[in-house]
Each structure stands twice: as structure tokens, then as C-alpha cells.
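Working notes, beginning with the structure itself.
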Amino acid sequence: MNVAFFLTPKSQTAFLETDDTFRQGLEKMRYHGYTAIPVLDKQGRYVGTLSEGDFLWHIVDIGGASIEDCEELRIVDILKPDRNPPLKITAQASEIVDQLMSRNFLPVTDDSGAFIGIVTRQKLLAFYKNKQ
């Protein structure tokens, strides 16, 4: 069994783009109830994941932020080197289990690095629960 079996496709996944504003990022995460969200470049390639903590620590680092400041900052300005590396679509179930032990979701890319969706811990657990 491979990643495609557990995949939530890009069309059903919320994500940010590098040129989105800080404010747009916060609003999208709040709207969807996410604590972390994938970030894509203009070509649709996965470039990283931002968490609530990334937003919070950036506000702390700059000494606070007004609504106006949040509209000036771009997602690319706060994106750190990826702490949530993607899985390739060809990955097997054992890789998924190993990776989801420490993460809530895994971004999935094709061979060219294009983002095609996510695999969530919740979906994996539901599969194994229903298998019993």
C-alpha cells in the first residue's frame, strides 16, 4: 500500500503561498482550525510548513505587530528551513507510519516536487481502526 491510498488531494487541502501576507496566513489557519499549514511557491511546489509557533515567534522577534504590519509581511519572510519534509507519492505505508509518529500531517509531492496533497495522522488511524 502506498501514499496515494491515504492522500487528501491538494484540491481538498488548505495551503499558503509564499507571497501571501502574514495576516492572510493567520486568517486561513484560524478559519480552518489548523495549527500548521503547507506553503507552496507560485509554481505549486512544496517549500515548507508554517506553524502557529512560527507566527508567534516572528511577532516576538520583531517586538510586536499591528494589523498593518501583518499586511506588509509576506509568508516567505517568516518561512524557516523545512521541519516537515515531504513524502514522495511513491512512499510505502511503513514510511507513512514512521513519519506520522511525530507529525500531524505529511505533505506529499510528485517526482518534480509539485505538491499533490497531504496524509494526516487522523486518516491513518481511522484506517487501522476500521481494519480491526
Problem - Criterion: touching a residue at least 60 places away in the same chain (Cβ under 8 Å), surrounded by 13 or more Cβ atoms within 10 Å (Cβ to Cβ), assigned to a helix (DSSP H, G or I) and touching a helix residue (DSSP H, G or I) at 6+ places or on another chain (Cβ under 7 Å) - qualifying residue of ILE96, ILE116 - result: ILE96
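Okay, residues lined up against (1) more than 13 Å from the chain's Cα centre (by Cα); (2) under 15 Å from VAL76 (Cα atoms); (3) surrounded by fewer than 16 Cβ atoms within 10 Å (Cβ to Cβ):
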{"position": "VAL3", "(1), (2), (3)": "yes, no, no"}
{"position": "THR13", "(1), (2), (3)": "no, no, no"}
{"position": "LEU16", "(1), (2), (3)": "no, yes, no"}
{"position": "THR21", "(1), (2), (3)": "yes, yes, no"}
{"position": "GLY25", "(1), (2), (3)": "no, yes, no"}
{"position": "MET29", "(1), (2), (3)": "no, no, no"}
{"position": "TYR34", "(1), (2), (3)": "no, no, no"}
Fill in the blank from the handout: Picked from the stretch 68-79 (must be at pLDDT below 80 and within 24 Å of the chain's Cα centre (by Cα)), the residue farthest from ARG23 (Cα to Cα) is ASP69
Handout entry: Members of the stretch 33-90 found to be in a strand (DSSP E or B), touching an Asp or Glu at 6+ places or on another chain (Cβ under 7 Å) and among the hydroxyl-bearing types (Ser, Thr, Tyr), listed by number
Key = THR49
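The values are calculated or read from the model by the stated rules, or taken from the named source; none is laboratory data. This is a predicted model, so every value here is computed, not measured. When we count neighbours, we look across all protein chains shown, and the Cβ atoms used for this are built from the backbone with ideal geometry, even at glycine.
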